[in-house]
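Each remark here refers to the structure printed beneath this line.
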Amino acid sequence: MMNKLLNYFKKISIIIVLAWFVLFVFIPNLMILVTSFMTRDDASLVKPVFSVDNYTRLFNPLYAQILLHSLNMAFLATFCCLMIGYPFAFILSRLPNRVRPLLLFLIIVPLWTNSLIRIYGLKIFLSTRGYLNEFLIWTGIIDIPLRIMYTPEAVILGLIYIMQPFMVMPLYSSIEKLDQAVLEAARDLGASKLQIFIRIILPLTLPGIAAGSLLVMLPALGLFYVSDLLGGANNLLIGSVIKSQFLNILDWPFGSATSICLTLVMGFLLYIYYRVGKLINNKVEL
């Protein structure tokens with residue numbers, strides 16, 4: 001009787017997961033794909049007339065430049081998150097067990113607040129009359145306020161501020177699993193700290209680096225509100241273009257085509273992650 005109940009529970013769980021996947025993932029993406037081959041209509045937004053013009057428009061140098069700019073901003077934000085997150089995760093993994101849960105909790109706490117609200121707070125902090133400029137003027141470091149808002153640097157700061165926890169957590173998980181016996185053996189054989197880091201720690205934590213980079217870079221491409229609030233019109237991300245096509249210009253077919261293009265780029269990055277992870281695992285096994 002118990003086995004039958006477990007089997008029923010498994011089947012129901014699988015059905016619920018499949019239904020959720022079909023309703024909220026497959027069907028919406030299928031609708032976007034179909035819409036991307038339709039034609040814009042002022043009266044009904046979308047006219048069921050097949051067209052590939054929406055995809056040919058993507059080859060316009062303007063949109064290609066925005067896509068490259070988005071990839072560049074996402075890459076820089078990912079690199080900065082890695083440079084900040086790796087030492088932090090390494091130090092965190094070496095702290096006493098009674099301290100780690102508190103610090104991990106403090107890392108997760110910002111995620112409880114809506115990211116849009118946090119970006120507004122960062123906007124106030126970085127503005128010309130914000131707390132940062134007031135502090136720098138008060139200390140005498142600068143005489144006139146710095147112009148940080150509406151620059152690429154402000155967008156990168158916003159992306160780092162939002163995405164940093166997603167880099168730290170995979171890194172911490174990977175570093176924590178390091179076999180201390182291997183590190184001790186390397187020390188006994190006369191390896192320096194730099195050699196231990198380059199030849200042992202770094203290769204063994206590459207899966208965490210790859211996972212954290214993926215978790216930061218992919219969402220960073222679509223965080224349109226970060227570029228809208230901190231970067232202005234001169235620092236658009238591809239997500240901002242998609243949002244404008246759907247909400248402002250009301251060109252749903254072209255917005256759908258741009259979304260499909262972004263999905264393909266993300267899929268390509270996921271494929272690179274898969275290949276890198278497979279290569280790393282093969283080297284570890286050897």
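Restrict the search to segment 102-179; then list the trypsin sites (Lys or Arg not before Pro) that DSSP places in a loop and that have at most 11 other Cβ atoms within 10 Å of their Cβ. Each step should come with its number before you reach the end.
Details: sites: Arg118, Lys123, Arg129, Arg147, Lys177; in loops: Arg129, Arg147, Lys177.
Hits after loop and neighbour filter: Arg129.
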Charge dipole (the chain, unit charges on Cβ, about Cα centre) - positive-most of Ser51, Tyr150, Gly190: Gly190
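Using the Cα centre of segment 1-70 as the reference point, and only Cβ charges (+1 on K/R, -1 on D/E), how large is the resulting charge dipole? Debye, rounded to the nearest 20.
Values: 6 positive and 3 negative charges, 96 e Å.
For segment 1-70, the charge dipole is close to 460 debye.
Assigning unit charges at the beta carbon (Lys, Arg +1; Asp, Glu -1) and nothing else, what dipole magnitude in debye, to the nearest 20, does the chain show about its Cα centre?
On the way: 21 positive and 13 negative charges, 155 e Å.
Roughly 740 debye, rounded to the nearest 20.
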Centroid-to-centroid separation of segment 83-133 and segment 145-205 [C-alpha atoms, Å]: 16 Å
Any idea what the alpha-carbon Rg over 2.2 N^0.38 Å comes to for segment 85-174? 1.33
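Beyond 16 Å, how much of the Cα-Cα pair distribution for segment 71-114 remains, as a whole percent? Numbers along the way, then the final one.
Working: 503 of 946 pairs.
When every Cα pair of segment 71-114 is considered, 53 percent fall beyond 16 Å.
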Shape call, segment 3-75: gyration tensor on alpha carbons, a/c limit 1.5: oblate
Give, rounded to the nearest 20 debye, the magnitude of the charge dipole that segment 135-191 has about its Cα centre when Lys and Arg contribute +1 at Cβ and Asp and Glu contribute -1 at Cβ. 200 debye
Kirkwood-Stokes translational diffusion coefficient of the chain, alpha-carbon pairs, 37 °C, 0.692 mPa s, µm²/s: 146 µm²/s
Projecting the Cα atoms of Leu270, Leu33, Leu92 onto the charge dipole of the chain, where Lys and Arg contribute +1 and Asp and Glu -1 at Cβ, the residue farthest towards the positive end is Leu92
Kirkwood Rh and Cα-based Rg: tell me the resulting Rg over Rh for segment 193-247, rounded to two decimals. 1.30
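From the cross-link list Lys193/Lys278; Lys47/Lys243; Lys47/Lys123, which pairs have alpha carbons spaced over 31 Å apart? Before the final figure, lay out the partial values.
Values: Lys193/Lys278 28 Å; Lys47/Lys243 20 Å; Lys47/Lys123 40 Å.
Table pairs above 31 Å Cα-Cα are Lys47/Lys123.
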Segment 1-129: C-alpha gyration tensor shape, a/c 1.5 cut-off, then a/b vs b/c: oblate
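Chymotrypsin sites (Phe, Trp or Tyr not before Pro) within segment 80-161: which are DSSP loop residues with at most 10 other Cβ atoms inside 10 Å? List each step's numbers first, then the result.
On the way: sites: Phe88, Phe90, Phe105, Trp112, Tyr120, Phe125, Tyr131, Phe135, Trp138, Tyr150, Tyr161; in loops: Tyr150.
Sites meeting the loop and neighbour criteria: none at all.
Rounded, prolate or oblate: which one fits segment 128-286, using the alpha carbon gyration tensor with axes a ≥ b ≥ c (rounded when a/c is under 1.5, else prolate when a/b beats b/c, else oblate)?
Working: a/c = 4.07, a/b = 1.39, b/c = 2.92.
In terms of gyration-tensor shape, oblate.
Coordinate-derived values only; no laboratory data. On a predicted model such as this, the values are computed, not experimentally measured, just so you know. Glycine also receives a Cβ, built like all others from the backbone with ideal geometry; neighbour counts cover every protein chain displayed.
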